[in-house]
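Q: Here it is, the structure in full.
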Amino acid sequence: MHSFAGNRVVGHTGAPFPIFQAPIGLISRGDLVGAVSGAGGVGLMETMFLPIPDMQAQFDLVRARSNHPFGLHFLVGFLSSQPEREKAVLDWALDGKTKFITTGYGDPARYIRRIKDAGMTTYHMTDTLEEALRAEDAGVDGVVLGGAEKGGGNGRDHLHTFALLQKARTRIGVPIVAAGGIADGHGMAAAFALGAEGVMMGTRFIASQECPWHDNYKQAIVEAEQVIGITSVSGFNSMRAVRNEFSEGVERGELGDKTKPYAGDARAMFYEGRTDVAIVGCGETAVLIDEIKPAAEIVTDTVREFWGEIDRLANLRAPVSA
Ligand SMILES: Cc1cc2nc3c(=O)[nH]c(=O)nc-3n(C[C@H](O)[C@H](O)[C@H](O)COP(=O)(O)O)c2cc1C
């Protein structure tokens with residue numbers, strides 16, 4: 001049996017494993033975060049939409065499911081555009097709720113003083129080395145770097161995980177958590193070889209039993225043979241989705257509204273399973289995922305596969321013959 005003792009991400013988060021579940025809007029709530037955290041991963045709860053009392057109820061659900069640490073996430077660009085909500089969320093979250101905060105996609109300097117004054121550890125999520133360097137200068141304790149194969153929005157010139165991590169490891173001193181292209185312990189071992197000390201998975205946890213979206217969405221990921229890049233999505237350059245008739249029609253400009261992230265009736269897809277009326281957003285890892293699993297199993301399988309992969313690589317060293 002191996003341990004992650006000495007891993008800086010584990011030191012910062014207090015969770016046994018340096019495996020983050022992505023703080024995806026609408027899904028990263030009590031059930032999922034509690035299951036990930038309970039299994040020793042770093043569950044991250046999103047703070048975008050719920051009224052504060054409902055958010056507190058989700059928080060209590062996590063606590064009921066897990067004695068391990070977990071974190072709260074501030075999507076900076078989103079919160080800063082709604083000053084009243086921003087204040088309410090910060091006042092709620094920084095009142096001794098957790099020890100770990102992630103910020104994402106925006107300037108973490110906006111919150112860093114308050115987070116630090118509250119005695120918390122914070123990582124900033126970004127897809128560019130430049131923003132990661134600015135975040136490090138601002139005083140964050142770590143960064144989550146997303147390569148262009150990841151789910152969610154991506155920029156036109158963004159680097160993919162392989163190049164991004166290798167470049168970042170030469171420039172960034174704080175621990176790096178890799179996102180994008182990782183769905184298991186094999187991807188995790190690859191990310192560690194390139195300089196990461198932790199991983200974040202989004203698409204993998206969407207296809208979990210605790211994700212509140214409809215099973216048809218998860219099944220579309222499980223069955224995905226190909227992903228498609230929908231270009232010109234508002235606010236991003238592109239966004240990946242499962243390749244199907246609807247997403248192909250959107251990309252051709254014949255279905256939905258290409259400028260909207262879900263280009264159709266997203267609610268009917270999320271909650272009624274109508275994958276024929278909106279794009280099934282995902283990362284490239286959709287092609288690697290072949291089963292909807294309990295989130296705890298995703299964490300424990302990833303850890304087991306990771307150490308198996310490290311052992312396999314170590315065994316490549318043939319003894320030097322005399
Ligand atoms: C369908 C979908 C929606 C996402 N929405 C958000 C979001 O609301 N906020 C956010 O910070 N990241 C969002 N992301 C990005 C994730 O935080 C994470 O960076 C990404 O999922 C990692 O790549 P992977 O999906 O290949 O594992 C989303 C990802 C997906 C697949």
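Read-outs: derived from the displayed coordinates by stated rules, not from any lab. Since the model is a prediction, treat every value here as computed from it, not as a measurement. Neighbour counts run over all protein chains shown; Cβ positions are idealised from the backbone, glycine included.
Q: Give me THR203, THR47 ranked fewest to most by other Cβ atoms within 10 Å of their Cβ, as a rough exposure proxy.
A: Working: THR203 30, THR47 27.
Arranged by neighbour count, lowest to highest, THR203, THR47 become THR47, THR203.
Q: Turning to a different aspect of this structure: Between the alpha-carbon centers of region 1-32 and region 166-201, tell me the distance in whole angstrom.
A: Between the Cα centre of region 1-32 and that of region 166-201, the gap is 14 Å.
Q: Report for the chain the percent antiparallel among DSSP-assigned beta bridges with both residues inside it, nearest 5.
A: Of those bridges, close to 20 percent are antiparallel.
Q: Can you list, largest first and rounded to whole Å, the semi-axes you get for the chain by taking the square root of 5 times each eigenvalue of its Cα gyration tensor?
A: Values: eigenvalues 154, 129, 80 Å².
Equivalent ellipsoid semi-axes, largest first: 28, 25, 20 Å.
Q: Determine, at each q value in 0.11, 0.14, 0.16 (inverse angstroms), the log₁₀ of I(q)/I(0) that the Debye formula gives when each Cα of region 214-300 is one equal point scatterer.
A: -0.29, -0.46, -0.58
Q: On a 22 Å Cα-Cα criterion, which of the cross-link pairs LYS87/LYS260; LYS167/LYS260; LYS150/LYS293; LYS97/LYS218; LYS116/LYS167 come out too long?
A: Pairs exceeding 22 Å: LYS87/LYS260; LYS167/LYS260; LYS97/LYS218; LYS116/LYS167.
Q: Would you look at the GNM of the chain, springs on alpha carbons closer than 10 Å, and say which of GLY40, GLY11, GLY283 moves the most?
A: Between GLY40, GLY11, GLY283, it is GLY11 that shows the largest mean-square fluctuation.
Q: Return the loop-located GluC sites (Glu not before Pro) in region 164-242 (DSSP other than H, G, I, E, B) with at most 12 other Cβ atoms within 10 Å of their own Cβ; answer none if there are none.
A: For GluC sites (Glu not before Pro) across region 164-242 that sit outside H, G, I, E and B with at most 12 neighbouring Cβ atoms in 10 Å, the list reads GLU225.
Q: Expressed as cubic angstrom per residue, what is the convex hull volume of the alpha carbon set of region 55-135?
A: 98 Å³
Q: What order do you get for VAL199, VAL287, VAL62, VAL144 when you list them from fewest to most C-beta neighbours inside 10 Å?
A: VAL287, VAL62, VAL144, VAL199
Q: Another question, then. Count charges around GLY30 for me, please; just the other residues with Cβ under 14 Å from its Cβ, Lys/Arg as +1, Asp/Glu as -1.
A: Residues close to GLY30 contribute a combined charge of -1.
Q: Using θ = phi - 60° and the Karplus curve 6.51 cos²θ - 1.76 cosθ + 1.60, what whole-Hz ³J(HN,Hα) does each residue of region 97-103 get, with Gly and Pro shown as x?
A: Couplings: 5, 9, 9, 9, 10, 10, 10 Hz.
Q: Let me ask something additional. What list do you get for SER234, SER37 if you sort them by fewest beta carbons within 10 Å?
A: Fewest-to-most Cβ neighbours within 10 Å comes out as SER234, SER37.
Q: Dipole size in debye (nearest 20) for the chain around its Cα centre, Lys and Arg Cβ +1, Asp and Glu Cβ -1?
A: Here the size comes out at about 860 debye.
Q: Let's see if you can work this out: charge +1 on each Lys and Arg Cβ, -1 on each Asp and Glu Cβ, no other charges. What is the dipole magnitude of region 215-285 about its Cα centre, in debye to the nearest 20?
A: I would put it at about 260 debye.
Q: If you don't mind, another one. Assuming R0 = 22 Å, what is the FRET efficiency of ARG156 and GLN82, from their Cβ-Cβ distance, to the nearest 0.05?
A: So the FRET efficiency works out to roughly 0.20.
Q: In percent, how large is the relative contact order of the chain, given Cα pairs closer than 8 Å and 6 or more residues apart? Before the final figure, lay out the partial values.
A: On the way: 690 pairs, mean separation 50.9, N = 322.
Across the chain, relative contact order equals 16 percent.
Q: For region 215-285, calculate the relative contact order in percent as a whole number, restricting contacts to Cα pairs under 8 Å that are 6 or more residues apart.
A: Working: 123 pairs, mean separation 24.3, N = 71.
For region 215-285, the relative contact order is 34 percent.
Q: Hey, another quick one. If you average the C-alpha positions of region 237-277 and of region 112-165 separately, how far apart do those two centres end up, in angstrom?
A: 28 Å
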